[in-house]
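Working notes for the structure below.
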Amino acid sequence: MNGGIFKPQGEAIAANAASDVRILVVGNPCNTNCLIARAHAREIPDDRWFSMTRLDQNRAQSMLAKRAGVPVDAVTNMAIWGNHSSTQFPDFAHALISGKPATDVIGDKSWLEGEFITTVQQRGAQVIQARGASSAASAANAVIDSVVSARTATPSGDWVSLSVLSEGQYGIPEGLMFGFPVRADGKGGREVVEGLVHSEFAKERIRLTTEELEGEREAVRSLGLLPG
């Protein structure tokens, strides 16, 4: 049902948006809904499209900070790979806490590979179950964070988590809206951070979320929401 909304949204953007428009999609499944809207506004450059993984980044940073007993802003370099769903991969291995590897500061591999990941993955569902509604305020705050991160230069050495159109980085199929670590230049440009090395554990998590996004893409194509 949500997917059907984003075809006319894309058409409306193509017909009416300003020439310097940027689009951040939040409605779920946001990665694939962004793909639908983009498919119907092909005049808009690919680097103008984003979908939100910042809510997941904020949750992951909060969990690491609490575990380490530090302020949230001490946690940097937190990336969410893949889909905004229960398959997402919050990348603790490259995160820093007060400038040190999170894995050194926390040192509890079983917690990092287990409870930390599953809690970030399932947090949205837990909120809905607890309060009977989505985490609207947290999502709204993450929208603001996403827009600020896309508009302003990323602090040196850090990155933020945004879902952008894959150009094949890290072997991700081209054309998927995929959560990556991203840096913005403060002039409207952005780039995926490349060169990060993943463990076999991380590679498997990224494979799972990639397959889910490929499956979503085929599903909406079968519904006629994507061309070809």
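The values are calculated or read from the model by the stated rules, or taken from the named source; none is laboratory data. This is a predicted model, so every value here is computed, not measured. Note that we place each Cβ from the backbone using ideal geometry, even for glycine, and neighbour counts take in every protein chain shown. These area figures cover heavy atoms from the full protein model, side chains too; ligands, DNA and RNA do not enter into them. Shrake-Rupley method; radii C 1.70, N 1.55, O 1.52, S 1.80 Å.
What the table below lists for this structure:
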{"item": "The range 150-228 shape via C-alpha gyration tensor axes, a/c threshold 1.5", "result": "oblate"}
{"item": "Prolate/oblate/rounded call for the range 8-103, Cα gyration tensor, a/c under 1.5 rounded", "result": "prolate"}
{"item": "Length-normalised contact order for the chain - Cα pairs under 8 Å, 6+ apart - percent", "result": "23"}
{"item": "Of Lys109/Lys187; Lys66/Lys203; Lys100/Lys187, pairs whose Cα-Cα distance is over 28 Å", "result": "Lys109/Lys187; Lys100/Lys187"}
{"item": "Given charges at beta-carbon only (K, R positive; D, E negative), |dipole| of the chain in Debye", "result": "560"}
{"item": "Label-reachable residues, the range 169-205, where backbone N falls under 20 Å from a point 7 Å from Arg151's Cα toward its Cβ", "result": "182-191"}
{"item": "1.4 Å probe accessible area per residue over the range 35-105, in Å²", "result": "36"}
{"item": "Candidates Glu43, Glu11, Glu216, ranked by Gaussian network fluctuation over the chain, Cα under 10 Å, top entry", "result": "Glu43"}
{"item": "Share of carbon and sulfur in the accessible heavy-atom surface of the chain [1.4 Å probe, %]", "result": "52"}
{"item": "Contour minus Cα-Cα distance for Met1 and Lys203 (0.36 nm per residue)", "result": "69.5 nm"}
{"item": "Which label in [x] 25, 21, 18; [y] 26, 24, 14; [z] 29, 19, 17 gives the computed semi-axes √(5λ) of the Cα gyration tensor in Å", "result": "[z]"}
{"item": "For the range 1-70 and the range 75-96, distance of Cα centres in Å", "result": "17"}
{"item": "222 nm mean residue ellipticity, helices alone, for the chain (DSSP H n ≥ 4; -39,500 (n - 2.57); rounded to 500)", "result": "-14000 deg cm²/dmol"}
{"item": "Selected from Asp73, Asp145, Asp91 as most flexible by GNM, with the chain as the system and alpha-carbon contacts under 10 Å", "result": "Asp73"}
